[in-house]
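Visitor: Right, I'll just put the structure down here and ask away after.
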Amino acid sequence: MAGDFQEPAQLDLPGLLDALKQHLVAMGIEGVPRSTTPEMTPAAEPDTAPETEPAAAAGRPHKELALSAGEIFGAVVHDEPKDSEASGEYAGLGLDEMEKLAQGCRKCRLCEGRNKVVFGTGCKTNPPIVFVGEGPGADEDRIGEPFVGKAGALLTAAITKGLGLRREDVYICNVVKCRPPGNRTPAPDEAKACTPYLFRQLELLQPKVIVALGSPAQMALCGEPGGITRLRGKWLSWRGVRVMPTFHPAYLLRNPAAKRDFWEDLQAVMAEVGLVRKVKSEDGA
Ligand code: SF4
C-alpha cells in the first residue's frame, strides 16, 4: 500500500496533497481533523487556584472555568475603554465648554421631555471621589443639579456625615444628563449617546475613585455583567481609575437594610482615597 504513495520530491503542492488524500483513502481514513487545537482558545486558567475558587472547580464544565479577573481577584481592569472613540467628540473641550454644549444637546430622545440639562456639580479639579448616578429625577430636572431630591439628601448625608466631606469636595453627575420620563432607567441607546459627556468629564476630573451608584452607572462605566447586589463592594476599573459599585441612594430609601452594605462600600472608598473620618466625641472634642 505504501507503494501507492508517490515520492513527494516528484510532486508540486497540489499533486502532493492529492497523493496524500489517495493514500489516506486507501488506508480507510475518510476524514482528517483540520487542527488538533480548538478554534476558540479558552481563557487561561490562573497558575494558582484562588482561595475563593476551591479545587471543586476542576470538575466543572470548561466554560465556567473561564473566570474573569474580577471573580478571581475582586477587581476587573479594563485598560482600554469599551468604545475607544467614546469621548473623542469632546476631546479638547473643558468642563464648562462641554456643559454649554450639552444645554442644547439633542442627541437622544431624552431632550424632548427635559426642563434642564443636569450636567454635574462639585469639585472640578482632581476630586478624590466622583459619584455617578443613572439620570436626573424630577427635582434635578427642575433645578438643574444632580441628587437634590430625597435620594440626593441621603447621598449628601453620606458625604457629609459619613465621609466627613462637603458636597463641593467631590463631584456628582449621572450617566444621562436629561431626565428619563417617569424616572425610568435610561435605555441603552440613550446611555450610549450620553456617555461621551461622562467619559470626557472623568478624563478631565481625574478622580482617585469613582463610585458607581446602581447598576446602570456600573454598566456604563465597566460593563461588568451581573446585578449590583452581586457586584457591590468589589473593585472594578474604568480606564485605570478604581470604580466602587454600590447601591443607588433611591434603592436605599426603599430598602433601608441595604444601608449597611452601602456604608461598608463607602468605608472601602475612604480607605482607598486615604480619608480618615474624624468622629467628634459627644462633647465636641
Ligand atoms: S441625555 Fe445626553 S445625549 Fe441625550 S439629549 Fe440629553 S445631553 Fe444629549
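Visitor: Is it the case that the stretch 223-241 has a residue that's under 30 Å from R114 (Cα atoms) and within 16 Å of the ligand (Cβ to nearest atom)?
Guide: No, the stretch 223-241 contains no residue that is under 30 Å from R114 (Cα atoms) and within 16 Å of the ligand (Cβ to nearest atom).
Visitor: Now for a different question. Test P225 against the criterion of being over 15 Å from V175 (Cβ atoms), within 10 Å of the chain's Cα centre (by Cα) and not hydroxyl-bearing (S, T, Y), and give yes or no.
Guide: Numbers: over 15 Å from V175 (Cβ atoms): yes; within 10 Å of the chain's Cα centre (by Cα): yes; not hydroxyl-bearing (S, T, Y): yes.
Judged against the criteria, P225 is a match.
Visitor: Quick check: is even one residue across the stretch 172-187 part of a loop (DSSP other than H, G, I, E, B) and away from the ligand (no atom under 14 Å from the Cβ)? Quick ask: steps written out before the conclusion?
Guide: So the first thing to find is which residues in the stretch 172-187 are part of a loop (DSSP other than H, G, I, E, B), and the list is 175-180, 184-187.
Pick out the ones that are also away from the ligand (no atom under 14 Å from the Cβ) and you get none.
No.
Visitor: Do we find a residue being near the ligand (Cβ under 9 Å from one of its atoms), farther than 20 Å from E89 by Cβ and either surrounded by fewer than 21 Cβ atoms within 10 Å (Cβ to Cβ) or in contact (Cβ under 8 Å) with a residue 24 or more places away in the chain (or both) anywhere in the stretch 119-131? Don't jump to the end; show me each part of the working.
Guide: Within the stretch 119-131, the subset near the ligand (Cβ under 9 Å from one of its atoms) is 119.
Next, only the ones that are farther than 20 Å from E89 by Cβ stay: none.
Checking the stretch 119-131: not a single residue is near the ligand (Cβ under 9 Å from one of its atoms), farther than 20 Å from E89 by Cβ and either surrounded by fewer than 21 Cβ atoms within 10 Å (Cβ to Cβ) or in contact (Cβ under 8 Å) with a residue 24 or more places away in the chain (or both).
Visitor: Separate question: Of the conditions (1) assigned to a helix (DSSP H, G or I); (2) away from the ligand (no atom under 16 Å from the Cβ); (3) touching a residue at least 60 places away in the same chain (Cβ under 8 Å); (4) surrounded by fewer than 16 Cβ atoms within 10 Å (Cβ to Cβ), G164 fails just one. Which one is it?
Guide: Of (1) assigned to a helix (DSSP H, G or I); (2) away from the ligand (no atom under 16 Å from the Cβ); (3) touching a residue at least 60 places away in the same chain (Cβ under 8 Å); (4) surrounded by fewer than 16 Cβ atoms within 10 Å (Cβ to Cβ), only one is false for G164: (1).
Visitor: Still on this structure, please answer the following. Out of A157, A138, I need the residue that is within 16 Å of the ligand (Cβ to nearest atom), surrounded by fewer than 20 Cβ atoms within 10 Å (Cβ to Cβ) and among the hydrophobic types (A, V, I, L, M, F, W, C). Which one? If you could, list the steps in order and put the result at the bottom.
Guide: Numbers: A157 fails: within 16 Å of the ligand (Cβ to nearest atom).
Being within 16 Å of the ligand (Cβ to nearest atom), surrounded by fewer than 20 Cβ atoms within 10 Å (Cβ to Cβ) and among the hydrophobic types (A, V, I, L, M, F, W, C) holds for just one of A157, A138, which is A138.
Visitor: Where residues in the stretch 102-114 are in a loop (DSSP other than H, G, I, E, B) and in contact (Cβ under 8 Å) with a residue 60 or more places away in the chain, which of them is farthest from the ligand (Cβ to nearest atom)?
Guide: First, pick out the residues of the stretch 102-114 that are in a loop (DSSP other than H, G, I, E, B): 104-108, 113-114.
Restricting the remaining residues to those that are in contact (Cβ under 8 Å) with a residue 60 or more places away in the chain gives 105, 107-108, 113-114.
On the way: C105: 3, K107: 4, C108: 3, G113: 10, R114: 6 Å.
So, considering only residues that are in a loop (DSSP other than H, G, I, E, B) and in contact (Cβ under 8 Å) with a residue 60 or more places away in the chain, the one farthest from the ligand (Cβ to nearest atom) is G113.
Visitor: When the stretch 137-161 is examined, which residues are found to be part of a loop (DSSP other than H, G, I, E, B) and in contact with a helix residue (DSSP H, G or I) (Cβ under 9 Å, 6 or more places away or on another chain)?
Guide: Filtering the stretch 137-161 for residues part of a loop (DSSP other than H, G, I, E, B) gives 137, 144-149.
Correct list: G137, E145, P146, F147, V148, G149.
Visitor: Inspect the stretch 191-210 for any residue being crowded, with 18+ Cβ neighbours inside 10 Å, at positive phi, at pLDDT 95 or above and touching a strand residue (DSSP E or B) at 6+ places or on another chain (Cβ under 7 Å) and give the result as yes or no.
Guide: Checking the stretch 191-210: not a single residue is crowded, with 18+ Cβ neighbours inside 10 Å, at positive phi, at pLDDT 95 or above and touching a strand residue (DSSP E or B) at 6+ places or on another chain (Cβ under 7 Å).
Visitor: Next question, about the same structure. Taking the condition of being in contact (Cβ under 8 Å) with a residue 40 or more places away in the chain and within 24 Å of R184 (Cβ to Cβ), how many residues in the stretch 239-258 meet it?
Guide: Step one: of the stretch 239-258, the residues in contact (Cβ under 8 Å) with a residue 40 or more places away in the chain are 239-240, 242, 248-250, 252-253.
Within this subset, residues satisfying the condition of being within 24 Å of R184 (Cβ to Cβ) are 248-250, 252-253.
Looking only at that region, the number is 5.
Visitor: Looking at the structure I just gave you, is V279 among the β-branched types (V, I, T), in contact with a helix residue (DSSP H, G or I) (Cβ under 7 Å, 6 or more places away or on another chain) and either modelled with pLDDT under 95 or closer than 29 Å to C108 by Cα (or both)? Walk me through how you get there before you give the answer.
Guide: Working: among the β-branched types (V, I, T): yes; in contact with a helix residue (DSSP H, G or I) (Cβ under 7 Å, 6 or more places away or on another chain): no; either modelled with pLDDT under 95 or closer than 29 Å to C108 by Cα (or both): yes.
Considered against the rule, which asks whether it is among the β-branched types (V, I, T), in contact with a helix residue (DSSP H, G or I) (Cβ under 7 Å, 6 or more places away or on another chain) and either modelled with pLDDT under 95 or closer than 29 Å to C108 by Cα (or both), V279 comes out as no.
The values are calculated or read from the model by the stated rules, or taken from the named source; none is laboratory data. For clarity, every value in this text was computed on a predicted model and none was experimentally measured. Backbone-built Cβ (ideal geometry, glycine too); neighbour counts: all protein chains shown.
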